[in-house]
Amino acid sequence: MPDKLRTQLVDNLLTVLATMDSTDEVYDFLLDLCTVREIAEMSQRLEVARLLADGQSYVYVQDVTGASATTISRVSKCLNYGSGGYGRALAIIGDSGRDERDAGAVPSSPAEE
């Protein structure tokens, strides 16, 4: 089955992200590209993946991150049956990805964007 999402436009985006030299450069680009809420939601999904990979329960993950059951389930499905992207991302952040202070810090209103 051909990958309909993997277009030249997507490859351009991937190339930009893969060749940026620092987290600050990526952060600045994401601020221009995405809303604050989108960045927070992607960050939240990564934290959900980290907690699930650590063996935490859905209830615990929901309490800590504030993620919906649907989001947690979707992330779990990707961890178990996906393309391995979360696993590679978790390997990159390792223990440095642990920050309970900010877990679930997703803006609650468009005014916070």
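The values are calculated or read from the model by the stated rules, or taken from the named source; none is laboratory data. From a predicted model like this one, the values you see are computed outputs, not experimental measurements. Heads up, the Cβs are rebuilt from the backbone with ideal geometry, glycines too, and the neighbour counts pull from every protein chain shown. Heavy atoms of the whole protein, side chains included, go into the accessibility calculation; ligands, DNA and RNA do not. Shrake-Rupley method; radii C 1.70, N 1.55, O 1.52, S 1.80 Å.
Here is how the numbers come out for the structure above:
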| item | result |
| --- | --- |
| Accessible area of the stretch 29-75 belonging to carbon and sulfur atoms, whole % at 1.4 Å probe | 52 |
| ³J(HN,Hα), Karplus 6.51/-1.76/1.60, whole Hz, each residue of the stretch 21-30, x for Gly, Pro | 8, 8, 5, 5, 5, 5, 4, 4, 5, 5 |
| Segment Glu38-Ser73, extension gain: residue separation times 0.36 nm, minus the distance between their alpha carbons | 10.7 nm |
| Charge context of Leu79, other residues only, Cβ under 15 angstrom, K/R +1, D/E -1 | +3 |
| Per-residue HN-Hα couplings for the stretch 86-93 [Karplus 6.51, -1.76, 1.60; θ = phi - 60°; Hz; x = Gly/Pro] | 4, x, 5, 5, 5, 5, 5, 7 |
